[in-house]
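Have a look at the structure below before the remarks.
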Amino acid sequence: MILNIILIITGIALVLWGADRLTDGAVAVAQRLGVPQIVIGLTIVAFGTSMPEFCSSLVSALNHQPGMAVGNVVGSNIFNALLIVGAAALVAPISILPQTVRKDIPFALVSSVLLVLLCGFDGKIQWYDAAIMLAFFIIFMVITLREARSGKNSEETPAEKKPMSRLMSAVWIIVGLVCLIGGSTVFVNAASELASSLGVDPAIIGLTIVAMGTSFPELATSVVSATKGNSGIAIGNVLGSNVFNILFILGTTGVIYPLDIKGITPLDLSVMVVAMILLWLFSFTKLKIERWEGAVLVLVFIGYMVLLLK
């Protein structure tokens, strides 16, 4: 038990340090390419910080624990939309681009609803359900990259920052991602082993410990980005990760191995959808998520955790 606690602390430290390096590298890339931070957050950063969820879900499915695989994604998306955005907004109000309200948040919401619809009929994600998810993922990436090329969202002004060379930008992104993935893997393994020894259900472990552990990269990256005034990275990371989690991770995993959502309740799926609706409403009002709105998101997350674990 003492060894697991030491590993958990070590994993958290690696994640926090890696998030700082990844943020610096990603912002530098955005400035050099003249690409809005939101696009970098939706693609490079989101893909990198979603790797722990991908590895955990795929390994869980191959180990015949589909409940943990799906629970990891559902729990991570709830964690992202409620606690991560809420915590980042408490640190500093998050500015939202009009395009994010029109396209990015709705797409993340559609992804959540799509998951509910596809697995709601038979309680499984078959290969053809997964193929539909992957098709939506390709559509999302094509639209996002087209907007980057056409220069949309150009009204966002990149944060002032000391110039960084291309080599150093690449080095910090790679080092940051390695620390994020490695640290979260250490955390998840130690925490899961501790929970399993206490006889906790795999789906619950997926919804809580594994979901929180694999979401530490998003939490650390978004909070650090908000602290540094890079709100585009902060919100783009969360939205991109939520889309990646459902469409890419469950899509890829479901094609390889059919997933049973046994253990995932209507409450879990409903909270996932409601979380995105709240995020959309708060963003739509003043194109900014204020501190009090961040507090509401955090409180909703705490309430969900209480209901889940009671």
Given the condition open to solvent by 60 Å² or more (accessible area, probe 1.4 Å), free of Cβ contacts under 8 Å to residues at least 60 places away in the same chain and of a type in the set (Phe, Trp, Tyr), answer yes or no: does some residue in region 279-294 qualify? yes
Given the condition in a helix (DSSP H, G or I) and modelled with pLDDT under 70, answer yes or no: does some residue in region 175-182 qualify? no
Can you name the residue in region 1-33 that is of a type in the set (S, T, N, Q) and open to solvent by 10 Å² or more (accessible area, probe 1.4 Å) and is also modelled with the highest pLDDT among such residues? Thr10
Of Glu155, Glu147, which residue is in a helix (DSSP H, G or I) and either at pLDDT below 85 or in contact with a Gly (Cβ under 9 Å, 6 or more places away or on another chain) (or both)? Glu147
Considering region 94-105 alone, what residues qualify as being open to solvent by 10 Å² or more (accessible area, probe 1.4 Å) and either polar (S, T, N, Q) or modelled with pLDDT of 90 or more (or both)? Ser95, Gln99
Of the candidates Gly123, Gly75, the one satisfying the condition of being among the small types (Gly, Ala, Ser) and either within 20 Å of Phe187 (Cβ to Cβ) or free of Cβ contacts under 8 Å to residues at least 24 places away in the same chain (or both) is Gly75
Go through region 126-144 and give me each residue that's modelled with pLDDT of 85 or more and polar (S, T, N, Q). Gln126
Would you tally the residues in region 109-125 being at pLDDT below 90 and either in contact with a Lys or Arg (Cβ under 8 Å, 6 or more places away or on another chain) or surrounded by 15 or more Cβ atoms within 10 Å (Cβ to Cβ) (or both)? 5
Got a number for residues in region 243-260 being open to solvent by 20 Å² or more (accessible area, probe 1.4 Å) and either assigned to a helix (DSSP H, G or I) or touching a Lys or Arg at 6+ places or on another chain (Cβ under 7 Å) (or both)? 6
Long-range neighbours under 8 Å by Cβ, at least six apart or interchain, first residue over 12 Å from Leu207 (Cα atoms) and of a type outside the set (Val, Ile, Thr) within region 262-273, second at pLDDT 90 or above and not in a helix (DSSP H, G or I): none
Note: among Ser192, Ser231, just one is in contact with a strand residue (DSSP E or B) (Cβ under 9 Å, 6 or more places away or on another chain) and modelled with pLDDT under 70, namely Ser231
Pairs only if they're at least six apart or on different chains, beta carbon under 9 angstrom, first in region 174-185 and closer than 10 Å to Gly11 by Cβ and of a type in the set (Asp, Glu), second open to solvent by 20 Å² or more (accessible area, probe 1.4 Å) and part of a helix (DSSP H, G or I); list them, first residue then second. none
Flag for Met272 being touching a Leu at 6+ places or on another chain (Cβ under 7 Å), within 30 Å of Gln126 (Cβ to Cβ), open to solvent by less than 20 Å² (accessible area, probe 1.4 Å) and modelled with pLDDT of 90 or more: no
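The values are calculated or read from the model by the stated rules, or taken from the named source; none is laboratory data. This one's a predicted model, so the numbers in the text were calculated from it and none came from an experiment. Using ideal geometry, Cβ is built from the backbone for each residue, glycine included, and neighbour counts are taken over all protein chains shown. The area values use the complete protein model at the heavy-atom level, side chains included, leaving out ligands, DNA and RNA. Shrake-Rupley method; radii C 1.70, N 1.55, O 1.52, S 1.80 Å.
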